[in-house]
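Worksheet: one structure, shown below.
The values are calculated or read from the model by the stated rules, or taken from the named source; none is laboratory data. What you are looking at is a predicted structure, and each value in this text was computed from that prediction instead of being measured. Cβ atoms come from the backbone with ideal geometry, glycine included; neighbour counts cover every protein chain shown. Note: areas computed on protein heavy atoms with side chains; ligands, DNA, RNA excluded. Shrake-Rupley method; radii C 1.70, N 1.55, O 1.52, S 1.80 Å.
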Amino acid sequence: MTVLAKREPLLVRPGARFDCVGDGLCCSDIHAVGALTDEDCEALRVISPDAIDRHEGEDAAVLMMRSDTGRCVFWSTDGCAIHSQLGPEMKPSPCIQFPYALTATPAGGRISTQHRCTCRTLGQLPLVTAEDARPNLLDSNGELKPEHVVLDDIPWSATESLSFAEYAKREAGIIGALIEGRHLMIALQAEAFPELDAMTWTEVADELLEFHGPSRAGAAARWFGSAIGFLVDRREPAGLDRPWADSFEQAGQRVVDPVSPNRVFGDWLADEVWSMRWTRFGSLARARTELATRLTIARRIAGWLDISTPKQDNISAAEAVMIVDVIGTTDIWEKAQGAIGEP
Ligand code: SF4
């Protein structure tokens, strides 16, 4: 019998937390806010004709960032002008959806969250609920909109595939260990920096280090590339800056219950596994290798941040997670991911 992917019931990853407390990082050029739909563009043209941009080499329109501040044209210290003046439902669809994502599976729609914003990674935040997340996951027809779909044949390793039900049983143990935040590499059971097909880690580092310009995304690429360069070739980092520092300072003021850095890393890894986006590239065994590599990079970055700007070490960990979460979705990292073979 064919088991199809379903959007409902909505399923929340145990322990996931989020609340928009206005740290403002996600409204900045840490990422391009897009892709905008035709409806988004139509509405934005009425509100502010200059708000839409088209990124070089991309077909999709994105929200323009102010060149002087690197923030969205609608953003101010009072928050989003569209949200406050016209209502949250009038925001462009990527803004309504962030940081949620939906994966349709045979058991229902898995809600995952991105970890590139301090409103996801720092402070005493409420648990994510399906009820709260649902309005953020609807398309313009009011339908749940999955970005990713998995069927009833999940590649556990190069040689073993599982039904979704069997996969979910095994996955629960991994996610539980990751959330607990102890022995993350043991939970992943993988080695970082595997050999790549037809490219080297040095080339990946160089490509990331070639990012020029003052945007937060460019700075994140240089941190990420520097960490690879150091870990693989012992190259010392140079010229790293933190254009996002204000958001982390604001978040740091509300963190009264610091958790361990490993809890911050484990929470991010658990969402990466839960989202099942890794099925685009191959098996979970391969994904564990990729995650072990990004975890090693994140730990290196957090170590540098602890030295350069001493603060609670969970805040350095959250900053490092922001970097590896953002760069993990770039074309450069997707190319490197594609070059990781099945272990
Ligand atoms: S439209 Fe509003 S929510 Fe979206 S990026 Fe701009 S300020 Fe942020």
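Annotations
- All positions within segment 7-45 that are at pLDDT 95 or above and farther than 30 Å from R242 by Cβ: R7, E8, P9, L10, L11, V12
A quick yes/no check of all residues on (1) farther than 16 Å from T105 by Cα; (2) aromatic (F, W, Y); (3) modelled with pLDDT of 95 or more:
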residue: A133; (1), (2), (3): yes, no, yes
residue: G142; (1), (2), (3): yes, no, no
residue: K145; (1), (2), (3): no, no, no
residue: V149; (1), (2), (3): no, no, yes
residue: W156; (1), (2), (3): no, yes, yes
residue: K169; (1), (2), (3): no, no, yes
residue: M185; (1), (2), (3): yes, no, yes
residue: A190; (1), (2), (3): yes, no, yes
residue: F193; (1), (2), (3): yes, yes, yes
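- The residues on offer are V264, V273, V324, and the sole one that is buried (at least 21 other Cβ atoms within 10 Å of the Cβ) and within 14 Å of E171 (Cα to Cα) is V273.
Each row is one residue, and each column tells you yes or no for (1) open to solvent by 30 Å² or more (accessible area, probe 1.4 Å); (2) part of a helix (DSSP H, G or I).
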position: G15; (1), (2): yes, no
position: I30; (1), (2): no, no
position: A43; (1), (2): yes, yes
position: E89; (1), (2): yes, yes
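- Odd one out for L36 among (1) outside any strand (DSSP E or B); (2) in contact (Cβ under 8 Å) with a residue 60 or more places away in the chain; (3) surrounded by 17 or more Cβ atoms within 10 Å (Cβ to Cβ): (2)
- Candidates S67, S84, S48, S76, filtered to the one that is open to solvent by 80 Å² or more (accessible area, probe 1.4 Å) and either within 10 Å of the ligand (Cβ to nearest atom) or among the aliphatic types (A, V, I, L, M) (or both): S84
- Of all residues making up segment 91-101, the number that are outside any strand (DSSP E or B), open to solvent by less than 10 Å² (accessible area, probe 1.4 Å) and either without any contact (Cβ under 8 Å) to a residue 12 or more places away in the chain or more than 10 Å from the ligand (Cβ to nearest atom) (or both): 1
- Test: residue in segment 212-222 that is open to solvent by 20 Å² or more (accessible area, probe 1.4 Å), at pLDDT below 95 and closer than 30 Å to P343 by Cα: no
- Among the residues listed as G123, G109, G70, the single one being over 30 Å from D313 (Cα atoms), small (G, A, S) and within 20 Å of the chain's Cα centre (by Cα): G109
- Selection status of D197, farther than 30 Å from G225 by Cβ and exposed (fewer than 15 other Cβ atoms within 10 Å of the Cβ): no
- In segment 102-112 there is no residue that is within 15 Å of the ligand (Cβ to nearest atom) and either crowded, with 19+ Cβ neighbours inside 10 Å or under 26 Å from V273 (Cβ atoms) (or both).
- Qualifying residue in segment 143-157 (condition: surrounded by fewer than 19 Cβ atoms within 10 Å (Cβ to Cβ), under 24 Å from R254 (Cβ atoms) and away from the ligand (no atom under 16 Å from the Cβ)): no
- Residue match in segment 113-125 (condition: without any contact (Cβ under 8 Å) to a residue 60 or more places away in the chain and farther than 23 Å from V150 by Cβ): no
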